[in-house]
1. Multiplying the sequence separation of ILE95 and GLU340 by 0.36 nm and subtracting their Cα-Cα distance, what value in nm do you get?
2. Determine the order of HIS247, HIS77 by accessible area, beginning with the largest, at a probe radius of 1.4 Å.
3. Give me the extension gain from ASN254 to ARG232: residue separation times 0.36 nm, minus the current Cα-Cα distance, reported in nm with one decimal.
4. Pop a pseudo-label 7 angstrom from the Cα along the beta-carbon direction at both PHE35 and GLU162 and give the gap in nm to one decimal.
5. How about the stretch 361-421: which trypsin sites (Lys or Arg not before Pro) there are in a DSSP loop, with at most 11 other Cβ atoms within 10 Å of their Cβ?
6. Kindly rank 173-184, 191-202 from highest to lowest mean number of other beta carbons found within 10 Å of each residue.
7. Can you tell me, using C-alpha contacts under 8 Å and at least 6 residues apart, the relative contact order of the stretch 132-191 as a whole percent?
8. May I have the extent of the alpha carbons of the stretch 87-203 along their three principal axes, as whole Å values ordered from largest to smallest?
Amino acid sequence: MAAAPRAPLPQLLLLVFAALLAAAPIRRAAGAGDFDVRRHLSTVTRYDVARGSNSVNSMPSIPDGCRVIHLNLVARHGTRAPTKKRIKELDRLAIRLEALINEAKQSLKSDSLKKIPSWIKGWESRWKGRTKGGELTSEGEEELYNLATRVKERFQDLFDDEYHPDVYSIRATQVSRASASAVAFGLGLLSGKGKLGPGNNRAFSVLSESRASDICLRFFDSCETYKAYRKRKEPDVQKQKEPILEHVTAALVNRYHLNFTTQDVSSLWFLCKQEASLLNITNQACGLFNEAEVYFLEWTDDLEGFVLKGYGESINYRMGLPLLKDVVQSMEEAIIAKKENHPDGTYEKARLRFAHAETVVPFSCLLGLFLEGSDFEKIQREEALDLPPMPPQGRNWKGSVVAPFAGNNMLVLYQCPGKTSDDSTSEGQNNSYFIQVLHNELPVSMPGCGNKDFCPFEEFKEKIVKPHLKHDYDMICKIKPPVAREEPATFGSKVSGFFTGLFSQKGYRVASAENVKTEL
């Protein structure tokens with residue numbers, strides 16, 4: 001397994017100071033300038049914002065004669081409401097802001113009171129009083145519906161058969177926002193193909209495994225090794241985020257003369273993400289932060305996703321092996337069907353899955369996407385990776401790109417008659433199948449395939465899939481039993497303990513702290 005990534009060291013503080021001093025608070029509305037806070041909300045980013053202005057209406061450059069024979073989709077649910085836990089956090093924030101205002105009125109002069117944004121006075125959460133949350137919003141429904149219509153238009157030949165659940169398999173987890181996303185996608189995919197209602201809709205099947213046994217789309221729920229790793233690592237991640245939260249807090253206290261705590265700032269940043277993503281409000285909670293602060297707060301979210309769900313530790317993505325195997329198996333079955341000349345409508349053409357960020361992120365890592373430089377080779381050698389570069393440096397690992405709401409990976413299987421990897425012809429068909437990976441509907445290069453976005457299927461299996469197959473889900477997810485008794489300390493263990501203590505002073509220690517789970 002890859003070792004834990006290195007914690008950020010004092011250079012962070014200098015960068016934060018310089019950035020905070022250089023930037024001005026955000027006061028303009030979204031779209032009024034180059035900076036749009038809605039593009040910097042990590043995994044809370046809306047899908048249409050994440051895609052930006054990129055057009056995917058035209059087909060990418062595919063060699064002549066190649067045709068699509070199968071499609072695998074692994075998608076995150078669409079935009080959702082705050083969860084019940086987060087709704088309670090926002091209710092507590094409202095009480096806290098009221099207390100801060102009252103405190104300020106008693107201790108500040110009128111000139112200082114004018115620095116307090118007017119929206120804070122009397123603020124109440126839009127979700128106040130709600131006892132349930134986490135459901136798919138109408139915006140989330142539209143994201144998946146529109147995604148389906150684009151997929152259907154883009155791969156018209158693939159979706160021209162009469163619907164049958166064995167031909168177009170739709171699967172989702174047993175979480176309402178995921179299954180509702182599957183329904184929204186199915187409505188878009190099959191619109192006009194039935195006789196139900198004015199839209200000529202038709203009924204379709206959505207399959208779900210039990211949450212307790214779904215190791216294909218909710219592998220993280222059943223992997224005891226991962227749950228232990230996460231429980232152990234979460235406090236350390238919080239410590240890695242503390243320097244940024246502390247400096248942003250100090251900046252906000254100085255700017256608005258309110259005695260914010262780091263917890264207040266963390267909740268205000270969460271409120272900013274909810275307002276900007278769900279409500280398109282960018283001039284309230286988001287307006288408290290300047291551009292540099294947004295960049296760094298976004299980085300802390302991306303850091304957490306990297307360490308706890310991404311490349312931070314190999315268990316994060318290797319537990320996704322059942323999903324990778326399922327994807328490959330479905331493509332191999334389609335190839336067999338083509339070789340045996342099975343007629344259309346008798347074999348599966350698309351396997352469409354709807355799950356969570358905790359599903360999409362590990363799957364992207366298994367494919368080797370969003371790595372920096374030679375990181376793919378490090379992953380193959382199971383070496384540790386550095387943390388994502390901090391602002392103002394650019395980075396590939398951004399939650400707003402890797403797993404926004406409705407974020408997705410599509411693996412498109414092509415048949416290219418007579419084509420081999422060296423562009424020569426072949427009388428057989430062993431090398432005539434190619435894979436293209438689309439991330440959020442755009443082709444992405446695969447480091448395991450020489451950074452090509454159109455990879456021979458056999459090479460895809462050999463270079464990208466096979467290295468993972470030396471591991472087994474049951475083996476990597478089963479926690480080893482604890483040692484019955486403690487052995488006397490050896491000289492080597494004492495030396496190791498000395499360095500562990502030394503590194504803990506640098507922020508490497510796994511501290512005991514309350515779990516803080518980011519719900520994606």
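The values are calculated or read from the model by the stated rules, or taken from the named source; none is laboratory data. None of these values were measured; they are calculated from a predicted model. As a convention, Cβ positions derive from the backbone with ideal geometry for all residues, glycine included, and neighbour counts pool all protein chains shown. To get the accessible areas, we keep the full protein, side chains included, count just its heavy atoms, and leave off ligands, DNA and RNA. Shrake-Rupley method; radii C 1.70, N 1.55, O 1.52, S 1.80 Å.
1. 81.5 nm
2. Correct descending sequence by accessible area is HIS247, HIS77.
3. Separation in residues times 0.36 nm, less the Cα-Cα distance, equals 4.4 nm.
4. According to this spin-label approximation, the distance is 5.9 nm.
5. Hits after loop and neighbour filter: ARG381.
6. 173-184, 191-202
7. Numbers: 47 pairs, mean separation 34.4, N = 60.
Dividing the mean separation by the residue count of the stretch 132-191 yields 57 percent.
8. Ordered largest first, the stretch 87-203 gives principal extents of 72, 27, 24 Å.
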